[in-house]
1. Which pairs do you get when a residue that is closer than 16 Å to Gly120 by Cα, found in segment 137-150, comes within reach of a residue that is at pLDDT below 85 and loosely packed, with under 13 Cβ neighbours inside 10 Å, reach meaning Cβ atoms under 6 angstrom, with the pair 6+ apart or on two chains?
2. Being in contact (Cβ under 8 Å) with a residue 24 or more places away in the chain, more than 14 Å from the chain's Cα centre (by Cα) and open to solvent by 70 Å² or more (accessible area, probe 1.4 Å), is that true of even one residue in segment 69-77?
3. Just the residues that are open to solvent by 30 Å² or more (accessible area, probe 1.4 Å) and touching a residue at least 12 places away in the same chain (Cβ under 8 Å), please, taken from segment 94-113.
4. Only one residue in Thr62, Thr22 is over 16 Å from Ala124 (Cβ atoms) and either open to solvent by less than 20 Å² (accessible area, probe 1.4 Å) or over 14 Å from the mean Cα position of the chain (by Cα) (or both), so which one is that?
5. Select from segment 24-44 the residues that are assigned to a helix (DSSP H, G or I) and not acidic (Asp, Glu) and list them in ascending order.
Amino acid sequence: MTETPTLYEWAGGLPALRRLTTVFYGHVLKDPLLEPVFRDMDPGHPEHVAVWLAEVFGGPETYSRDHGGHRHMVGRHLGRAITEEQRRRWVNLLFDAADEAGLPADPEFRSAFAAYVEWGSRLAVMFSQPGREVTVPEPMPKWDWGNRPPWQPPSD
């Protein structure tokens with residue numbers, strides 16, 4: 001490998017992220033703690049989240065172009081009053097869905113993935129609290145390996 005792949009490439013691109021979000025939101029809608037939050041979810045939501053993750057992980061900038069970028073994503077959480085219990089359930093279901101969808105299981109990828117999920121889910125809780133507004137532009141997050149390239153077995 002001559003160039004370090006993006007998290008998007010390592011994950012398997014948009015098809016892998018679509019599998020992830022399809023599996024994940026299927027579980028969310030069956031979960032008694034999360035179903036009320038997502039009950040009226042737009043049928044296209046899993047696709048939008050897959051495109052979001054693709055951009056965050058170094059793929060095409062489709063979410064920014066077609067859906068309004070980070071400011072739009074933050075706006076989707078305003079007033080939802082997400083609890084810590086809901087956040088933790090959401091995180092755990094997403095990690096389970098990553099396994100079920102066949103995302104790479106190597107420690108470097110999962111570490112970067114988990115770091116983003118923790119960071120993003122905590123921002124979602126923060127922005128969802130009553131009275132919170134988006135008053136400044138929110139830059140689109142760009143996630144990478146955290147200065148650790150993906151592990152490769154030694155070549156002979």
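1. none
2. yes
3. Phe95, Asp96, Glu100, Gly102, Asp106, Pro107, Glu108, Arg110, Ser111
4. Criteria check complete, one pass: Thr62.
5. Phe24, Tyr25, Gly26, His27, Val28, Pro36, Val37, Phe38
One line per residue, one yes/no per condition, for (1) modelled with pLDDT of 85 or more; (2) charged (D, E, K, R); (3) in a loop (DSSP other than H, G, I, E, B):
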{"position": "Pro46", "(1), (2), (3)": "yes, no, no"}
{"position": "Gly58", "(1), (2), (3)": "yes, no, yes"}
{"position": "Arg80", "(1), (2), (3)": "no, yes, yes"}
{"position": "Arg88", "(1), (2), (3)": "yes, yes, no"}
{"position": "Asn92", "(1), (2), (3)": "yes, no, no"}
{"position": "Val134", "(1), (2), (3)": "no, no, yes"}
{"position": "Arg148", "(1), (2), (3)": "no, yes, yes"}
{"position": "Trp151", "(1), (2), (3)": "no, no, yes"}
{"position": "Pro154", "(1), (2), (3)": "no, no, yes"}
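The values are calculated or read from the model by the stated rules, or taken from the named source; none is laboratory data. Computed from a predicted structure; not experimentally measured. FYI the Cβ positions are ideal-geometry reconstructions off the backbone, even for glycines, and counts take in every protein chain you see. Side chains included, ligands, DNA and RNA excluded: accessible areas come from the protein's heavy atoms. Shrake-Rupley method; radii C 1.70, N 1.55, O 1.52, S 1.80 Å.
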